[in-house]
Amino acid sequence: MVSRLREWLRDRLGLEALEHVADKKDVPVHRHSFWYYWGGMTLFLFGIQVATGILLLLYYRASADEAYESVRFIMTQVSFGWLIRSIHSWSANLMIGAVMVHMFSAFMLKAYRAPREATWLSGMVLLGLSLAFGFSGYLLPWNQLAFFATKVGTDITGAVPVIGPFMLRFLRGGEHITGGTLTRFFGFHVAILPAVVTVILGVHLYLVTHHGMSVPPSVEGRTPPPPRMKFVPNFLLRDMVGWLAALALLALLAALFPWELGLKADPYASAPAGIKPEWYFGWMFQTLRMLPSHILGIEGELVGILGIGLGGVVWLLVPFLDDPRGQGPRARFWRVLGAVAIVYVVVFTLLVYRGATP
Amino acid sequence: MKRRDLLGWAIKAMGATLGGFVLYPLARYLVPPSIPEAVTRRVVAAKKGDVPPGGFKTFPFGAQPGILVHTADDRWLALSAVCTHLGCTVQYKNSDRMIWCACHNGFYDLDGRNVSGPPPRPLERYVVHVEGEDVIVEKAKA
Amino acid sequence: MRLPRILIAPLATLALLAALPAAASAARAGANPQNSCLDCHRALDDARLAAPAKAFAEDVHGAHGLGCIGCHGGDPTDADITSMDPDKGFKGTPARKDIAEMCATCHASAEFMKRYNPQPYIFSMAEFRTSVHCKKIAVGDPKVATCTNCHGVHGMLSRKDPRSPVNRRNVPATCSKCHNPEYMKGRTVPTNQYALYRVSVHGKALLEKGDLSAPACNNCHGNHGAVPPNTRDISLVCGTCHGREGELFAKSKVKAGLELEGKRGCVTCHGNHGVQLPTDALIGTTGDGVCGRCHESGSAGARASDVIVPAFHALKARIGDADSLLAVADRLGMEVEAGRELLKQADDQLVNVRATLHGFDTKQITAVLTEGDGLADKAIAQARDALRDWRIRRIGMALSVVVILLMAGLLALRIRRLERGPGA
């Protein structure tokens, strides 16, 4: 009976093609294989985000009058509402962490080399979209910390030369953060960003499947070539063990450290002490904070913003700047630069939490 | 061969259990709670019969108390009950037709204006509707 | 703008009324070349004579365009010493005993005062005469305050000006300029008021916190009719601000009892100038309890106190319990807003009990206590619920983690089996 149903579905849905792809897909096994798990991990956490996000939509109300109250309602009145919201918040953070690991490992293993430039570019766009998800979602509970973090964050955008003032108005939907900003961020968070992510993620996954897994230069030239593991079921089962571990971690975090709600945002209240952005923006925040007020007669913050922007562009274009063979002095330079960038980001993120000021 | 079946069976059983652990909270979450919505703009402050003419009632409005006044000439009024002086809860004095704070003898008129005593600011006024038996208090639109 | 002399000179000696337009326009002329009084006095080397003219720049009368002649007479349009000719109405320094009457010529006239202020304060000479100050002046006592002693002179400021000696925040210090042991030597009037007031709850609120709703001396003693508040019932004085307590006390049997003994309400327990923030220690017959001062143990009052006081402290303890339980739940990350709201209401009832105590009606007090107890119990129940919920969450979390890990273990086993498979 079950097998007949399976047959029926196969014929109707054309699952053979998919099965063929799944059967063909394999993963090289070598000492850097561990890093192959992080893309899947990100995808799993993204799935959790989609599921819990849809659930939150059942009770959330996007208006300055009701947003805070509705989140409070979810946390206190709705059965397991605290769980859904805590998982959504924690999983968001874990997902951004996984994205970061995925991106940096791809960089260090030079997975962006030809013919995978487009994979890298789409991945970088997805990273940017993940950060945008985090930034827009942070405001939605309309609490004091989120309000001021958003104010600071959009202020920084406003300091970008030429397009800054426009960007500020574009993000806030006006000069100030108001209920209109909340509605806007809600629209970004639940409609625009998901739509864009769906497309780019589709492209990214297609490209990964199309080109197969990249092998790092240190393993590439070796004879015999590294053995390969079938994706289904061997690698997928391993993936699932990792996902279950992440799920267990989420359950622990949500039950032991339910995500706080804090106080309702009050635009007229003075900014609370110790406003910090979400940790993944921390290194940029810390960089701007530690710059002197003027560098060579230009405003320090501006220099910082331009520097970070330039760094981002260079990072994005690395597939075209690095040696396509992944060897030689140019390749070594980029590897060292990558290591420096990782150390820089880690150190500056930690500095935010040491409360270090210049 | 037998052991393999056993493992397959165990995985299915455990998978089903895990599915239960995920689906149970989901199902519970989808069931609307007994209080149907997150209310703070609007609240049923009293039943009509609760407050006789000339009487008043304090009711929770969000995290703060509100005061519902039923005047002798059958008007309904609702205001914030938090005295603007030091935050005591105010009451209605039918004899004076005024809202009165017992802590430092602050008086407000029925529009919430601070008319005597130490209160520095008026009380916030709310909008009242009577719908059937329910007296509903709403925050005024800004 | 020169006015004919003939117009000014005769009027100066009469009321200021008619002279006003001239004086006012003269003041508006800026440097005021017309006012020879100020011109000459400012230039004098004798500080005693120059100071009034210099100080007058800020004077509230000057600001309203009134000049020197209203009080001193003379002719300010005359630039010579002849302007101070008694023939021109010059009066020199008014005698102390005449000052109040002189100020009253304008300040007691509603008609005149309304020219400057639509809602003027109208000084009442009749009221001033009821004051000890005025009575002593009338018998020629030179060391008693008249208008200028409190309000200042020449550099006189509106009472709304924070620098004015009669601004509410400055009143206690102003009164104490005379009401101190040194100045009052040889008199029977007590002189410890200022020292007591400064450390009292009222004094701290007004002088340290700047709370302008706190009373200064005049809010109880009156302004110009300054006397001890000899109202029939002191609760009328305190009740001006402490409304509920005053109202309850006025109807209470304790008030009636105190009257029979010739004691006065409020102050018997709370004191007067040095009134402190009343603590709960004042309630009861033991320790600092003020009830025990009159009610001997075993008396009806003491028996009532034995019922009320323990119940009061029980409510406080219950509120404390609810608070700490809610704090525990809060620290564990549970949402306790609803419990906090109940606790706030219970706290309100505790405040209500403290006020209701002033009615000395056991039934009334017990009713409020019961209501407070009910609210505190509900808050405790909320906290207990939150804590139970927290335990359930932990158990659920532990179970689900066990299931997840077991599942992971089984999958790991499956992988091993798979890869050891036929080939191995």
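The values are calculated or read from the model by the stated rules, or taken from the named source; none is laboratory data. No experiment lies behind these values; they were computed from the predicted model shown. So basically every Cβ, Gly included, is an ideal-geometry build from the backbone, and we count neighbours across all protein chains shown. Surface areas here come from the heavy atoms of the whole protein model, side chains and all, with no ligands, DNA or RNA. Shrake-Rupley method; radii C 1.70, N 1.55, O 1.52, S 1.80 Å.
Distance check, please: which entries in B:Lys93/C:Lys263; C:Lys54/C:Lys91; C:Lys263/C:Lys316; B:Lys47/C:Lys316 exceed 25 angstrom between their Cα atoms? Don't skip to the end; give the middle numbers.
Numbers: B:Lys93/C:Lys263 31 Å; C:Lys54/C:Lys91 20 Å; C:Lys263/C:Lys316 31 Å; B:Lys47/C:Lys316 32 Å.
Check vs 25 Å cut-off fails for B:Lys93/C:Lys263; C:Lys263/C:Lys316; B:Lys47/C:Lys316.
Global size of the range C:300-392: 15.0, 52 Å for Rg and Dmax (C-alpha atoms, Rg to one decimal, Dmax whole). A simple charge model with +1 on the Cβ of Lys and Arg, -1 on the Cβ of Asp and Glu and nothing else charged puts the dipole of chain B at about 940 debye relative to its Cα centre.
Could you tell me whether chain A comes out rounded, prolate or oblate from its Cα gyration tensor? Rule is a ≥ b ≥ c as square roots of the eigenvalues, rounded for a/c under 1.5, then prolate if a/b exceeds b/c, otherwise oblate.
Working: a/c = 2.05, a/b = 1.22, b/c = 1.68.
Note, shape of chain A comes out oblate.
Please report, as a whole percent, how much of the solvent-accessible surface of the protein assembly as shown comes from carbon and sulfur atoms (probe radius 1.4 Å).
63
For peptide A:59-69, compute the average count of partner chain beta-carbon atoms within 10 Å of each residue's beta-carbon. Walk me through the intermediate numbers first.
Values: counts 5, 1, 2, 0, 1, 1, 5, 5, 1, 2, 6.
For this peptide, the per-residue mean of nearby foreign Cβ atoms is 3.
Suppose the Debye formula is applied to equal point scatterers at every Cα of the range C:81-230; what is log10 I(q)/I(0) at q = 0.16, 0.20 Å⁻¹? Those come out to -1.02, -1.44, one per q. Contact residues in the range C:320-343 by the 30 Å² criterion (accessible area, 1.4 Å probe, full protein complex versus chain alone): C:Glu335, C:Glu337, C:Glu341. Residues of the range A:73-110 that bury at least 50 Å² of accessible area once all protein chains are present, compared with their chain alone (1.4 Å probe, heavy atoms only, ligands and nucleic acids left out), are A:Phe73, A:Ser79, A:Phe80, A:Trp82. Charges were assigned to the Cβ only: +1 to each Lys and Arg, -1 to each Asp and Glu. The resulting dipole of the range A:30-271 about its Cα centre is roughly 720 debye.
Per-residue SASA remark: A:Trp283, around 50 Å² accessible (1.4 Å probe; ligands, DNA and RNA not included). Number of Lys-Lys pairs in chain A with C-alpha atoms under 27 Å apart and a separation of 8 or more places or on different chains: 8. For the protein assembly as shown, the solvent-accessible area works out to 54 Å² per residue, with a probe of 1.4 Å and every protein chain left in place.
Highest-first packing order for the peptide set C:127-140, C:328-341 is C:328-341, C:127-140, based on the mean count of other beta carbon atoms within 10 Å. For the peptide C:108-115, the mean number of other protein chain Cβ atoms found within 10 angstrom of a residue's Cβ is 0. Between helix B:2-30 and chain B there is an angle of about 10 degrees, using the helix long axis and the longest principal axis of the Cα atoms. Using the charge dipole of the protein assembly as shown (Lys, Arg: +1 at Cβ; Asp, Glu: -1 at Cβ; taken about the Cα centre), state which of C:Ala256, C:Leu157, A:Gly212 has its Cα farthest towards the positive end. Of the options given, the answer is A:Gly212.
Note on C:Lys185: lysines with a C-alpha under 21 Å away, same-chain residues under 8 apart excluded, are C:Lys135, C:Lys136, C:Lys143, C:Lys177.
Computed over chain A, the per-residue total of -39500 (n - 2.57) for DSSP H runs of n ≥ 4 gives a 222 nm mean residue ellipticity of -21500 deg cm²/dmol, rounded to 500.
Judged by the ratio a/c of the largest to the smallest principal axis of the C-alpha gyration tensor, the range C:157-262 counts as oblate, that ratio being 1.5 or greater while a/b is no larger than b/c.
Only protein heavy atoms count here, probed at 1.4 Å, and on that basis chains C and B bury about 2000 Å² of accessible area in total.
In the range B:91-113, the residues that give up 50 Å² or more of accessible area when the other protein chains are added, compared with the chain on its own (1.4 Å probe), are B:Asn105. According to the square roots a ≥ b ≥ c of the eigenvalues of the Cα gyration tensor, what is the shape class of the range C:231-277, taking rounded for a/c under 1.5, prolate for a/b larger than b/c otherwise, and oblate for the remainder? Oblate, because a/c is 1.5 or more while a/b does not exceed b/c.
Please sort through the DSSP H helices of chain C and keep those with an alpha-carbon extent of at least 24 Å along the long axis and a Kyte-Doolittle average not below -0.5. Can you show the working numbers first?
Numbers: long enough: C:300-331 (47 Å, 0.42); C:337-356 (28 Å, -0.67); C:362-420 (86 Å, 0.34).
Membrane-span-like by this rule: C:300-331, C:362-420.
C:Asp211 exposes around 50 Å² of accessible area when a 1.4 Å probe is run over every protein chain in place. Against the empirical 2.2 N^0.38 Å (N residues), the protein assembly as shown has a Cα radius of gyration ratio of 1.39. Taking 7 Å steps out from each Cα toward its Cβ at A:Arg325 and C:Asp306 produces label points 10.5 nm apart. Take every Cα pair under 8 Å whose residues are at least 6 apart in sequence, average their separation, divide by the length of chain C, and the relative contact order is 9 percent. When peptides A:244-254, B:66-76, C:173-183 are ranked by their average number of other Cβ atoms within 10 Å per residue, the highest-first order is A:244-254, B:66-76, C:173-183.
Rolling a 1.4 Å probe over the protein chains gives A:Met213 an accessible area of about 40 Å². When the accessible areas of A alone and C alone are added and the area of the pair subtracted, with a 1.4 Å probe, the result is around 1700 Å², both sides summed.
Counting other Cβ atoms within 10 Å of each Cβ, which trypsin sites (Lys or Arg not before Pro) in the range A:193-232 have at most 16 and sit in a DSSP loop?
Working: sites: A:Arg222, A:Arg228, A:Lys230; in loops: A:Arg222.
Filter output for the range A:193-232: A:Arg222.
Leaving ligands, DNA and RNA out of it, rank C:Met84, A:Met103 by accessible area with a 1.4 Å probe, largest first.
Details: C:Met84 80, A:Met103 20 Å².
Largest accessible area first, the residues go C:Met84, A:Met103.
Toward the positive end of the charge dipole of the protein assembly as shown, with +1 on the Cβ of Lys and Arg and -1 on the Cβ of Asp and Glu, the farthest Cα among A:Thr183, C:Gly62, C:Gly203 is that of A:Thr183. The Rg/Rh ratio of the range B:42-139, with Rg taken over Cα atoms and Rh as the Kirkwood radius over Cα pairs, comes to 0.95.
Bridgeable aspartates and glutamates around C:Lys344 (alpha carbons under 12 Å apart, same-chain partners fewer than 8 residues away excluded): C:Asp323.
Overall, the range C:300-392 carries a charge dipole of about 220 debye about its Cα centre when +1 sits on the Cβ of Lys and Arg and -1 on the Cβ of Asp and Glu, all other atoms neutral. Picking from B:Tyr108, B:Pro65, B:Gly55, whose Cα lies most toward the positive end of the charge dipole for the range B:51-115 (charges on Cβ: Lys, Arg +1; Asp, Glu -1)? Checked the options; the winner is B:Pro65. Summed over both chains, the area buried between B and A is near 1600 Å², taken from the accessible surface of protein heavy atoms with a 1.4 Å probe.
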